[in-house]
Amino acid sequence: MNRFTLPAAARIAAVETDNYRTKTFVLDMRLDAVPGQFVMAWLPRFDEKPFSLVNADPVTLMITAVGPFTRLVHDLEVGDRLWLRGSFGSGFCVAEKQKRLALVGGGYGVAPLLWLARTQLDIAETITPIIGARTACDLLYTDRFDALAAPAPLLATEDGSRGLRGRVTDALAPLLERGEIDGIFACGPHGMLAALEPLGRQHGVPCQLSWEAYMRCAIGICGACEHEGAVLCLDGPVLSAG
Ligand SMILES: Cc1cc2nc3c(=O)[nH]c(=O)nc-3n(C[C@H](O)[C@H](O)[C@H](O)COP(=O)(O)OP(=O)(O)OC[C@H]3O[C@@H](n4cnc5c(N)ncnc54)[C@H](O)[C@@H]3O)c2cc1C
Ligand code: FES
């Protein structure tokens, strides 16, 4: 297994379209990593950006086209090269006593949670995936979670076009009130994570939250990823709360 401190070239082995602006890229590379860790993807003479690992063997990335770098990656095809550094950061850590897990993903935040779910299938008593997005078209990986030997994911959309009308916290709150969850593992936009933290605390359920930040060096030198005193590329992106 590998961990690259300098960019190493990988070839794209498969590309799958997930929705109108998201694709999953399978690369011909294997990495030593755990769910929640990330890689830096580099296009020479252009830019380098962080992405969560959907899988490390083979390396799989889910990439939503939101700006210049991600749009350029979307133009790549099978056989094209993408350079990767990593894996970096801390992953999710499920304590032995945590047996009933809520995996909460917003937007492309579901990317590391699918892998986490797979690693917990034979260990956890229950895995409850909760996937949120603005509209039905923005939901990601619902089919991949459906295919797991775990309950179908609870879905929440802000416009009510699929699943519960509302946010992931609205889907999670009743489970917490019924005492059905021992640990919350989440990745998504800052607002979502900021809402989950007090909800978990209110019910005495610890959270592990994967925070997003601008990253440049990914090795703790530049300070671009500072978040409330933590250097997210080293101390995170997954931070414990509660
Ligand atoms: C640890 C980590 C894991 C990530 N995992 C994934 C993933 O699995 N899939 C995925 O599609 N994206 C992921 N991202 C985000 C991804 O790095 C950005 O979307 C990408 O950098 C956008 O580059 P761009 O040039 O296409 O767009 P840009 O023009 O750089 O950005 C487009 C928009 O997104 C905002 N934005 C970009 N990067 C960030 C950031 N890091 N934090 C907050 N806002 C930002 C910008 O403000 C702008 O509004 C992750 C980020 C981090 C830090
Ligand atoms: S990205 Fe440079 S310190 Fe974290």
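A short reminder: the numbers here are calculations on the coordinates, not readings from a lab. Predicted, not measured: the structure shown is a model, and the values here were computed from it. Methodologically, a virtual Cβ is constructed for each residue, glycine included, from the backbone with ideal geometry; neighbour enumeration extends over all protein chains shown.
Measuring between their Cα centroids, the range 203-242 and the range 33-108 lie 15 Å from each other. Shape annotation for the chain: C-alpha extents along the principal axes are 52, 37, 32 Å, from largest to smallest. When +1 charges are put on Lys and Arg Cβ atoms and -1 charges on Asp and Glu Cβ atoms, the dipole computed for the chain relative to its Cα centre reaches about 220 debye. Mean residue ellipticity at 222 nm, helices only, the chain: -5500 deg cm²/dmol; runs of at least 4 DSSP H residues each add -39,500 (n - 2.57), and the sum is divided by the number of residues. Toward the positive end of the charge dipole of the chain, with +1 on the Cβ of Lys and Arg and -1 on the Cβ of Asp and Glu, the farthest Cα among 109, 123, 160 is that of 109. When DSSP beta bridges are restricted to pairs lying wholly in the range 94-239, around 15% turn out antiparallel.
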